[in-house]
Amino acid sequence: MSYQINTYDSPESTARAVANLIVSMAVEKAGQNQFLHIAVSGGSTPKLLFTLLAEEYEHAVLWKNVKLFWVDERCVPPVHAESNYGMTYDAMLRKPLIPAENVFRMKGEDFPADEAARYEKVLREQLPAQNAYPVFDLILLGMGDDGHTASIFPNQMDLLDVEPAVDVATHPQSGQKRITLTGNTIKNAQKVAFLITGKSKAEVLKQIISRQEVAARYPASHVWAVDGTALFYLDNEAAALL
Ligand code: 6PG
């Protein structure tokens, strides 16, 4: 696989670069009268991006041409403080940018195995398929300090290769159940972009980008787009050791 590294001087400029990527893809798709199918991650990093999109990019995108999905979701209700959907709603979706019928949240409040199956069905209804898996135009990933991505944790590497497109994961420390896209779905995307900021990610990122042997234990080193490329949008702190 190949890495395309983009580094910026602050979390804000990093988020803006990703916003501009989304805009360019959305404009291209709108020009072809097609939907942009994008899956977003949760956690804290993307909150800045979502806020920026809501506050400064309202008119930059034909948002009605965007269909929004999630990479993963904590198995909690949408109003729970840990809900990825809840975070995205507060930061962006509270503004009616994307028509509600084009927002496809994972239902963290439902039984995990049932929701994973339901969400896979939704993906297969909504997205084109190639290689027997749904095809996203863009999957936006983060990376944990332990090198996890989506909700694929270092102690559950099998989720990189399991047959389902969506599966159930378990947080290694808290035991919290998660719904997550699996590795085969992520690796079927047209573009995979990591948005990573902060010095706590620098060491793991260096090990991944320099393809050190130890990186094999990190799920984030095992995913890329269908063409073998992974895009990295990093602030200076996360990129400090590169
Ligand atoms: C989640 C995310 C997860 C996240 C990383 C980084 O549900 O937590 O999808 O994969 O991207 O944990 O999280 P931070 O952005 O909070 O560092």
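The values are calculated or read from the model by the stated rules, or taken from the named source; none is laboratory data. Source: prediction; values computed, not measured. Note that each Cβ is placed from the backbone with ideal geometry, even for glycine, and that neighbours are counted across all protein chains shown. Ligands, DNA and RNA are excluded from the accessible area calculation, which covers all protein heavy atoms including side chains. Shrake-Rupley method; radii C 1.70, N 1.55, O 1.52, S 1.80 Å.
Observations on the model:
- Set side by side, the residues ALA165, ALA220 differ, and just one is at pLDDT 95 or above, more than 15 Å from the ligand (Cβ to nearest atom) and under 21 Å from ASN84 (Cα atoms), which is ALA165.
- Of all the numbered requirements in (1) of a type in the set (A, V, I, L, M, F, W, C); (2) in contact (Cβ under 8 Å) with a residue 24 or more places away in the chain; (3) more than 16 Å from the ligand (Cβ to nearest atom), LEU68 misses one, and that requirement is (3).
- Subset of segment 1-42 [open to solvent by 30 Å² or more (accessible area, probe 1.4 Å), within 17 Å of GLY142 (Cα to Cα) and out of contact with any strand residue (DSSP E or B) (no Cβ under 7 Å at 6 or more places or on another chain)]: GLU12, SER13, ARG16
- Residues of segment 177-202 satisfying the condition of being part of a loop (DSSP other than H, G, I, E, B), more than 10 Å from the ligand (Cβ to nearest atom) and open to solvent by less than 40 Å² (accessible area, probe 1.4 Å): THR182, ASN188, ALA189
- Consider segment 24-61 and keep the residues that are within 16 Å of the ligand (Cβ to nearest atom) and assigned to a loop (DSSP other than H, G, I, E, B). The one that is farthest from the chain's Cα centre (by Cα) is SER44.
- Selection within segment 119-155 - within 12 Å of the ligand (Cβ to nearest atom) and among the hydrophobic types (A, V, I, L, M, F, W, C): ILE139, LEU140, LEU141, MET143, ALA150, ILE152, PHE153
- Of all residues in segment 105-146, those being of a type in the set (Phe, Trp, Tyr) and surrounded by fewer than 17 Cβ atoms within 10 Å (Cβ to Cβ) number 1.
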